[in-house]
Amino acid sequence: MARNKNKQIANWLRRTAHVGALIPAAVMVRDYFTNNLTFNPIQELTQRTGDTAVILLVLSLAITPVMSLTKFRALAPSRRPLGVYAFLYALAHVTIFVAVDYSLDWGQVFSTIIEKRFTIIGALTFLLMVPLALTSTTGWQKRMGKKWKSLHKLAYVIAPLAVIHYAWALKADIFLPLLFGSIILILLTLRFPFIKKNFNAKVASLVQMLQRKATPTT
Ligand code: HEM
């Protein structure tokens, strides 16, 4: 009974992840057709797709630590869609840069990437995302066994790189990149077994204390 309920919650959360991840794309399409993409639509779309990719990347990274802290396993099926959508937005971001901004002029694309150094980090981030996206299916997960887990730990390199590219692209007002960077740092720190164990123990004792306080004494 409880198992069925958990499965229902997990399915609902997974569907919410799909819908939530598609909303920014739908808004972009709407704004394109209603001429609401500022006076520089290419730049606006580059920025929006980049921002969404980073947000989804951070959300997908947060799932494992949040699950291990809260024991709320129903979050697990949402991890994969969030990661895949992060890649799809990054792909859209790069495609706009290469195909729309530079009209597939590869010479110009490469010289701009080398010239604007923050785009080198962007390109590296994107290249590292490709193998994760290609092996994101259950079939590849089974085929690769333990190697799959090791490969997908690359997400912890990809996320900080994406945030560096983000902060470097903005130059001024780096509040959001700093916020995302701090969240990633916390998530990374929580992956260390020693810290994870101590943190989990502290959260468990806090929950117990709150439960005791909430229970009325007779
Ligand atoms: C070949 C790879 C990439 C190239 C050439 C590239 C290029 C660019 C450029 C030119 C901008 C500045 C846009 C502007 O304000 O005019 C930018 C910003 C940005 N990029 Fe990339 N990028 C790449 C990969 C990525 C990846 C993989 C991600 C995320 C996972 C990403 C996330 C962002 C973000 C968040 C911004 C800042 C958007 C804003 O101003 O709000 N980029 N990128």
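Overview of values
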quantity: Hits in the range 187-204 - residues which are loosely packed, with under 12 Cβ neighbours inside 10 Å and either among the basic types (K, R) or modelled with pLDDT of 75 or more (or both); calculated: K197, N198, A201, K202
quantity: Of all residues making up the range 62-83, the number that are within 9 Å of the chain's Cα centre (by Cα) and of a type in the set (A, V, I, L, M); calculated: 2
quantity: Residues of the range 109-142 satisfying the condition of being loosely packed, with under 14 Cβ neighbours inside 10 Å and among the polar types (S, T, N, Q); calculated: S111, T137, T138
quantity: Qualifying residue in the range 205-213 (condition: in a helix (DSSP H, G or I), in contact with a Leu (Cβ under 8 Å, 6 or more places away or on another chain) and either modelled with pLDDT under 95 or of a type in the set (D, E, K, R) (or both)); calculated: no
quantity: Any pair with Cβ under 7 angstrom, 6 or more apart, that starts in the range 44-56 at a residue that is more than 6 Å from the ligand (Cβ to nearest atom) and ends at one that is not in a helix (DSSP H, G or I); calculated: E44/L37; E44/T38; L45/L37
quantity: Test for F180: is it of a type outside the set (V, I, T), more than 16 Å from the ligand (Cβ to nearest atom), under 26 Å from V84 (Cα atoms) and under 21 Å from the mean Cα position of the chain (by Cα); calculated: no
quantity: Selection within the range 26-68 - over 25 Å from L161 (Cβ atoms), hydrophobic (A, V, I, L, M, F, W, C) and surrounded by 15 or more Cβ atoms within 10 Å (Cβ to Cβ); calculated: L37
quantity: Filter result (touching a residue at least 12 places away in the same chain (Cβ under 8 Å) and within 10 Å of the ligand (Cβ to nearest atom)) within the range 93-122; calculated: H93, V94, I96, F97, D101, V109, F118, T119, I121, G122
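Yes/no per residue for (1) aliphatic (A, V, I, L, M); (2) over 19 Å from the mean Cα position of the chain (by Cα):
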position: G20; (1), (2): no, no
position: A26; (1), (2): yes, no
position: Y32; (1), (2): no, yes
position: D51; (1), (2): no, no
position: L57; (1), (2): yes, no
position: S60; (1), (2): no, no
position: I113; (1), (2): yes, yes
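The values are calculated or read from the model by the stated rules, or taken from the named source; none is laboratory data. Predicted, not measured: the structure shown is a model, and the values here were computed from it. Heads up, the Cβs are rebuilt from the backbone with ideal geometry, glycines too, and the neighbour counts pull from every protein chain shown.
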